[in-house]
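Remarks on the structure that follows.
The values are calculated or read from the model by the stated rules, or taken from the named source; none is laboratory data. The model shown is predicted, which means the values in this text are computed figures rather than measured ones. A quick note on method: Cβ atoms are made from the backbone with ideal geometry, for glycine too, and the neighbour counts reach across all protein chains shown.
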Amino acid sequence: MAPAKAPAGHFSILYFAAASTYTRRASEHLPAPVRARDLFALLEERYPGIGEKVLSSCAVTVNLEYVDAGGDDAEDAGRVIKEGDEVAIIPPVSSG
Amino acid sequence: MATTEPSSYAADILSEPIVKTTETIHVELTPHDLDSLAATRFVRSPSAGATVLFIGTTRDSFNGLPVSSLAYTSYPPLAINTLSTIAQAILTKHQCTKIAIVHKLGECPIGEESIVIAVSAPHRQAAWRAGEEALEETKAKAEIWKLERFEGGDGVWRANRDGVMGVKIDEGGKKGE
(Lines give C-alpha, C1' and ligand atoms only; values in the text may rest on other atoms or scores of the structure.)
Protein backbone atom coordinates (compact mmCIF):
# COMPACT_ATOMS: atom_id res chain seq x y z
CA MET A 1 0.00 0.00 0.00
CA ALA A 2 2.84 2.42 0.72
CA PRO A 3 4.09 3.84 -2.56
CA ALA A 4 7.67 3.57 -3.71
CA LYS A 5 9.96 6.22 -2.25
CA ALA A 6 9.43 9.57 -3.90
CA PRO A 7 12.07 10.51 -6.51
CA ALA A 8 14.31 13.50 -5.84
CA GLY A 9 12.38 16.75 -5.63
CA HIS A 10 9.04 15.03 -4.99
CA PHE A 11 6.75 14.05 -2.13
CA SER A 12 4.34 11.10 -1.91
CA ILE A 13 0.61 11.64 -1.61
CA LEU A 14 -1.81 8.88 -0.60
CA TYR A 15 -5.51 8.91 -1.48
CA PHE A 16 -7.99 6.94 0.58
CA ALA A 17 -11.62 5.91 0.08
CA ALA A 18 -13.55 8.63 -1.80
CA ALA A 19 -10.33 10.52 -2.60
CA SER A 20 -8.93 7.39 -4.20
CA THR A 21 -12.11 6.87 -6.21
CA TYR A 22 -12.02 10.42 -7.50
CA THR A 23 -8.34 10.44 -8.49
CA ARG A 24 -8.56 6.81 -9.65
CA ARG A 25 -5.29 6.03 -7.91
CA ALA A 26 -4.06 5.10 -4.45
CA SER A 27 -0.96 7.28 -4.50
CA GLU A 28 1.37 9.34 -6.65
CA HIS A 29 4.43 11.56 -6.47
CA LEU A 30 4.15 15.32 -6.86
CA PRO A 31 6.86 17.98 -7.09
CA ALA A 32 8.07 19.46 -3.79
CA PRO A 33 8.13 21.86 -2.11
CA VAL A 34 4.51 22.96 -1.84
CA ARG A 35 2.98 25.13 0.86
CA ALA A 36 0.40 23.10 2.78
CA ARG A 37 -2.23 25.76 2.17
CA ASP A 38 -1.66 25.49 -1.60
CA LEU A 39 -2.16 21.71 -1.66
CA PHE A 40 -5.91 21.70 -2.31
CA ALA A 41 -5.54 24.22 -5.16
CA LEU A 42 -2.84 22.04 -6.71
CA LEU A 43 -5.10 18.98 -6.52
CA GLU A 44 -8.04 20.93 -7.96
CA GLU A 45 -5.88 21.75 -10.99
CA ARG A 46 -5.05 18.07 -11.49
CA TYR A 47 -8.52 16.75 -10.67
CA PRO A 48 -11.11 19.41 -11.52
CA GLY A 49 -14.04 19.34 -9.11
CA ILE A 50 -12.23 17.40 -6.39
CA GLY A 51 -12.18 20.38 -4.06
CA GLU A 52 -15.92 20.75 -3.68
CA LYS A 53 -16.74 17.09 -4.18
CA VAL A 54 -14.18 15.45 -1.93
CA LEU A 55 -11.54 17.68 -0.32
CA SER A 56 -14.04 19.98 1.41
CA SER A 57 -14.75 17.19 3.88
CA CYS A 58 -11.21 15.77 4.07
CA ALA A 59 -8.36 16.19 6.51
CA VAL A 60 -4.68 16.11 5.58
CA THR A 61 -1.73 14.46 7.27
CA VAL A 62 1.97 15.07 6.66
CA ASN A 63 4.24 12.32 7.95
CA LEU A 64 1.37 10.90 10.06
CA GLU A 65 0.47 14.23 11.69
CA TYR A 66 -2.68 16.20 10.95
CA VAL A 67 -2.12 19.65 9.47
CA ASP A 68 -4.55 22.41 8.64
CA ALA A 69 -4.52 22.58 4.84
CA GLY A 70 -7.28 25.18 4.88
CA GLY A 71 -4.69 27.78 5.75
CA ASP A 72 -6.73 29.26 8.61
CA ASP A 73 -4.60 27.88 11.41
CA ALA A 74 -1.80 30.32 12.20
CA GLU A 75 0.48 27.52 13.32
CA ASP A 76 0.21 25.68 9.98
CA ALA A 77 -0.13 28.66 7.68
CA GLY A 78 3.52 28.69 6.72
CA ARG A 79 3.98 24.92 6.71
CA VAL A 80 5.78 23.57 3.66
CA ILE A 81 5.50 20.03 2.28
CA LYS A 82 9.07 18.99 1.55
CA GLU A 83 10.85 16.48 -0.63
CA GLY A 84 10.34 12.95 0.70
CA ASP A 85 7.32 13.82 2.88
CA GLU A 86 4.35 11.44 2.98
CA VAL A 87 1.09 13.34 2.62
CA ALA A 88 -2.34 11.67 2.94
CA ILE A 89 -5.85 12.81 2.09
CA ILE A 90 -8.14 11.55 4.86
CA PRO A 91 -11.89 11.44 4.05
CA PRO A 92 -14.49 11.09 6.84
CA VAL A 93 -13.86 7.73 8.48
CA SER A 94 -16.23 4.77 8.75
CA SER A 95 -14.87 1.97 10.92
CA GLY A 96 -16.93 -0.32 13.12
CA MET B 1 -20.04 12.33 1.91
CA ALA B 2 -19.73 9.20 -0.16
CA THR B 3 -18.58 8.33 -3.62
CA THR B 4 -19.12 5.15 -5.55
CA GLU B 5 -16.70 2.44 -6.52
CA PRO B 6 -17.27 0.09 -9.44
CA SER B 7 -18.28 -3.31 -8.13
CA SER B 8 -14.91 -4.63 -9.26
CA TYR B 9 -13.10 -2.62 -6.57
CA ALA B 10 -10.75 -4.76 -4.46
CA ALA B 11 -9.63 -3.49 -1.09
CA ASP B 12 -5.92 -3.20 -0.41
CA ILE B 13 -4.83 -6.46 1.07
CA LEU B 14 -2.90 -6.33 4.30
CA SER B 15 -1.03 -9.63 4.33
CA GLU B 16 -0.10 -9.66 8.00
CA PRO B 17 -1.76 -8.15 11.08
CA ILE B 18 -0.39 -4.84 12.36
CA VAL B 19 -0.19 -4.95 16.14
CA LYS B 20 0.80 -2.63 18.96
CA THR B 21 0.87 -4.20 22.40
CA THR B 22 1.92 -3.09 25.87
CA GLU B 23 1.21 -4.63 29.29
CA THR B 24 -2.25 -3.07 29.34
CA ILE B 25 -3.12 -2.16 25.74
CA HIS B 26 -3.52 -4.29 22.63
CA VAL B 27 -4.54 -2.66 19.33
CA GLU B 28 -4.56 -4.54 16.06
CA LEU B 29 -5.57 -4.25 12.40
CA THR B 30 -5.88 -7.63 10.76
CA PRO B 31 -6.93 -9.28 7.48
CA HIS B 32 -7.84 -12.44 9.43
CA ASP B 33 -11.07 -13.41 11.18
CA LEU B 34 -11.35 -11.66 14.54
CA ASP B 35 -10.77 -13.69 17.69
CA SER B 36 -12.98 -12.26 20.45
CA LEU B 37 -11.80 -14.91 22.91
CA ALA B 38 -8.16 -13.84 22.45
CA ALA B 39 -9.13 -10.21 23.12
CA THR B 40 -11.00 -11.28 26.25
CA ARG B 41 -8.04 -13.31 27.43
CA PHE B 42 -5.71 -10.37 26.92
CA VAL B 43 -7.69 -8.10 29.26
CA ARG B 44 -8.33 -10.70 31.97
CA SER B 45 -6.63 -9.78 35.24
CA PRO B 46 -6.83 -10.75 38.93
CA SER B 47 -7.36 -7.08 39.79
CA ALA B 48 -10.34 -6.74 37.45
CA GLY B 49 -13.77 -7.89 38.56
CA ALA B 50 -15.48 -6.99 35.29
CA THR B 51 -14.77 -7.63 31.65
CA VAL B 52 -16.96 -6.14 28.91
CA LEU B 53 -16.73 -7.50 25.37
CA PHE B 54 -18.21 -5.72 22.35
CA ILE B 55 -18.47 -7.49 19.01
CA GLY B 56 -19.50 -5.49 15.97
CA THR B 57 -20.75 -7.49 13.00
CA THR B 58 -21.51 -6.30 9.47
CA ARG B 59 -25.17 -5.69 8.68
CA ASP B 60 -26.97 -6.85 5.54
CA SER B 61 -28.76 -3.55 4.87
CA PHE B 62 -28.38 0.22 5.00
CA ASN B 63 -31.55 2.33 5.21
CA GLY B 64 -33.50 -0.69 3.98
CA LEU B 65 -31.26 -1.31 0.96
CA PRO B 66 -29.72 -4.79 0.79
CA VAL B 67 -25.92 -4.78 1.13
CA SER B 68 -24.27 -7.64 -0.72
CA SER B 69 -20.70 -7.30 0.56
CA LEU B 70 -18.35 -5.06 2.54
CA ALA B 71 -14.68 -4.23 2.57
CA TYR B 72 -12.57 -2.12 4.92
CA THR B 73 -9.49 -0.19 3.91
CA SER B 74 -7.16 1.82 6.13
CA TYR B 75 -4.05 3.95 6.48
CA PRO B 76 -2.49 1.40 8.84
CA PRO B 77 0.44 3.31 10.37
CA LEU B 78 -1.83 6.25 11.23
CA ALA B 79 -4.82 4.14 12.30
CA ILE B 80 -2.74 2.03 14.67
CA ASN B 81 -1.41 5.23 16.32
CA THR B 82 -4.95 6.57 16.63
CA LEU B 83 -6.26 3.33 18.19
CA SER B 84 -3.35 3.34 20.60
CA THR B 85 -4.07 6.93 21.64
CA ILE B 86 -7.77 6.16 22.12
CA ALA B 87 -6.99 3.05 24.19
CA GLN B 88 -4.59 4.95 26.46
CA ALA B 89 -7.08 7.79 26.99
CA ILE B 90 -9.88 5.34 27.87
CA LEU B 91 -7.70 3.46 30.36
CA THR B 92 -6.76 6.65 32.12
CA LYS B 93 -10.20 8.27 32.10
CA HIS B 94 -12.13 5.26 33.38
CA GLN B 95 -9.32 3.77 35.46
CA CYS B 96 -9.60 0.49 33.61
CA THR B 97 -7.20 -2.40 33.96
CA LYS B 98 -6.66 -3.44 30.35
CA ILE B 99 -8.13 -2.82 26.91
CA ALA B 100 -8.01 -4.46 23.49
CA ILE B 101 -9.30 -2.97 20.22
CA VAL B 102 -9.10 -5.14 17.10
CA HIS B 103 -10.45 -4.17 13.67
CA LYS B 104 -10.78 -6.22 10.51
CA LEU B 105 -9.42 -4.97 7.17
CA GLY B 106 -10.13 -6.20 3.66
CA GLU B 107 -13.21 -8.17 2.67
CA CYS B 108 -15.63 -8.79 5.53
CA PRO B 109 -18.55 -11.10 4.74
CA ILE B 110 -21.99 -9.99 5.94
CA GLY B 111 -22.72 -11.10 9.47
CA GLU B 112 -19.08 -11.53 10.47
CA GLU B 113 -17.10 -9.64 13.09
CA SER B 114 -15.57 -6.35 11.91
CA ILE B 115 -14.55 -4.99 15.33
CA VAL B 116 -13.88 -6.43 18.76
CA ILE B 117 -13.34 -4.36 21.90
CA ALA B 118 -12.61 -5.90 25.29
CA VAL B 119 -12.16 -3.87 28.46
CA SER B 120 -11.51 -4.94 32.01
CA ALA B 121 -11.89 -2.84 35.15
CA PRO B 122 -12.14 -3.39 38.90
CA HIS B 123 -15.91 -2.77 38.76
CA ARG B 124 -18.64 -3.13 36.14
CA GLN B 125 -19.71 0.52 35.73
CA ALA B 126 -16.28 1.60 34.58
CA ALA B 127 -15.98 -1.35 32.21
CA TRP B 128 -19.39 -0.69 30.60
CA ARG B 129 -18.69 3.00 30.11
CA ALA B 130 -15.16 2.45 28.87
CA GLY B 131 -16.30 -0.13 26.35
CA GLU B 132 -18.95 2.15 24.91
CA GLU B 133 -16.65 5.15 24.76
CA ALA B 134 -13.85 3.13 23.14
CA LEU B 135 -16.24 2.09 20.36
CA GLU B 136 -17.60 5.60 19.78
CA GLU B 137 -14.11 7.09 19.71
CA THR B 138 -12.90 4.43 17.31
CA LYS B 139 -15.84 5.00 14.96
CA ALA B 140 -15.26 8.75 15.08
CA LYS B 141 -11.48 8.80 14.67
CA ALA B 142 -9.75 5.63 13.44
CA GLU B 143 -8.53 6.04 9.84
CA ILE B 144 -10.52 3.10 8.50
CA TRP B 145 -13.07 3.26 5.67
CA LYS B 146 -15.97 0.96 4.90
CA LEU B 147 -17.06 0.25 1.34
CA GLU B 148 -20.61 -1.10 1.13
CA ARG B 149 -21.64 -2.78 -2.08
CA PHE B 150 -25.36 -2.82 -2.73
CA GLU B 151 -27.11 -5.59 -4.59
CA GLY B 152 -27.23 -4.77 -8.27
CA GLY B 153 -25.23 -1.56 -7.84
CA ASP B 154 -21.90 0.04 -7.19
CA GLY B 155 -20.14 0.40 -3.88
CA VAL B 156 -20.49 3.41 -1.59
CA TRP B 157 -17.87 4.73 0.81
CA ARG B 158 -19.66 5.19 4.09
CA ALA B 159 -18.95 8.13 6.38
CA ASN B 160 -19.89 7.49 10.01
CA ARG B 161 -20.66 11.12 10.67
CA ASP B 162 -23.19 11.38 7.83
CA GLY B 163 -25.54 8.54 8.62
CA VAL B 164 -26.95 9.01 5.13
CA MET B 165 -26.26 7.54 1.73
CA GLY B 166 -24.29 10.50 0.43
CA VAL B 167 -23.82 11.79 -3.07
CA LYS B 168 -22.53 9.64 -5.87
CA ILE B 169 -20.00 10.44 -8.54
CA ASP B 170 -19.51 8.53 -11.73
CA GLU B 171 -16.25 6.87 -12.68
CA GLY B 172 -14.94 9.84 -14.62
CA GLY B 173 -15.01 11.94 -11.52
CA LYS B 174 -17.69 14.21 -12.93
CA LYS B 175 -20.62 15.43 -10.95
CA GLY B 176 -23.56 13.03 -11.12
CA GLU B 177 -27.24 13.49 -10.46
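Worth a mention:
- A:PHE40 vs. criteria within 13 Å of the chain's Cα centre (by Cα) and either more than 25 Å from B:ARG158 (Cα to Cα) or at pLDDT below 95 (or both): no
- A single entry from B:ALA79, B:ALA121 fulfils the requirement of being among the small types (Gly, Ala, Ser) and in contact with a Cys (Cβ under 6 Å, 6 or more places away or on another chain): B:ALA121.
- Search result, residues across segment B:73-90 that are out of contact with any helix residue (DSSP H, G or I) (no Cβ under 8 Å at 6 or more places or on another chain), under 27 Å from A:THR21 (Cβ atoms) and either surrounded by fewer than 22 Cβ atoms within 10 Å (Cβ to Cβ) or of a type outside the set (S, T, N, Q) (or both): B:TYR75, B:PRO76, B:PRO77, B:LEU78, B:ALA79, B:ILE80, B:ASN81
- Filter result for the condition that a residue is hydrophobic (A, V, I, L, M, F, W, C) and within 14 Å of chain A (Cβ to nearest Cβ), over B:LEU53, B:LEU83: B:LEU83
- Scanning segment B:109-142 for residues that are away from chain A (no Cβ under 14 Å), surrounded by fewer than 24 Cβ atoms within 10 Å (Cβ to Cβ) and touching a helix residue (DSSP H, G or I) at 6+ places or on another chain (Cβ under 7 Å) gives B:ALA126, B:ARG129.
- Scanning segment A:67-85 for residues that are within 14 Å of the chain's Cα centre (by Cα) and either within 9 Å of chain B (Cβ to nearest Cβ) or modelled with pLDDT under 85 (or both) yields a count of 3.
- When B:ILE80, B:ILE110, B:ILE101 are checked against the criterion of being β-branched (Val, Ile, Thr), assigned to a helix (DSSP H, G or I) and either out of contact with any Phe, Trp or Tyr (no Cβ under 9 Å at 6 or more places or on another chain) or farther than 24 Å from B:SER45 by Cα (or both), B:ILE80 stands alone in meeting it.
- Restricting A:ALA69, A:ALA88, A:ALA19 to residues that are touching a helix residue (DSSP H, G or I) at 6+ places or on another chain (Cβ under 8 Å) and assigned to a helix (DSSP H, G or I) narrows the list to A:ALA19.
- Selection within segment A:27-64 - small (Gly, Ala, Ser) and more than 7 Å from chain B (Cβ to nearest Cβ): A:SER27, A:ALA32, A:ALA36, A:ALA41, A:GLY51, A:SER56, A:ALA59
- Condition met for B:SER68 (at pLDDT below 95 and either within 14 Å of chain A (Cβ to nearest Cβ) or at negative phi (or both)): yes
- Flag if B:ALA39 is over 19 Å from B:GLY153 (Cβ atoms), more than 14 Å from every other protein chain (Cβ to nearest Cβ) and either more than 14 Å from the chain's Cα centre (by Cα) or small (Gly, Ala, Ser) (or both): yes
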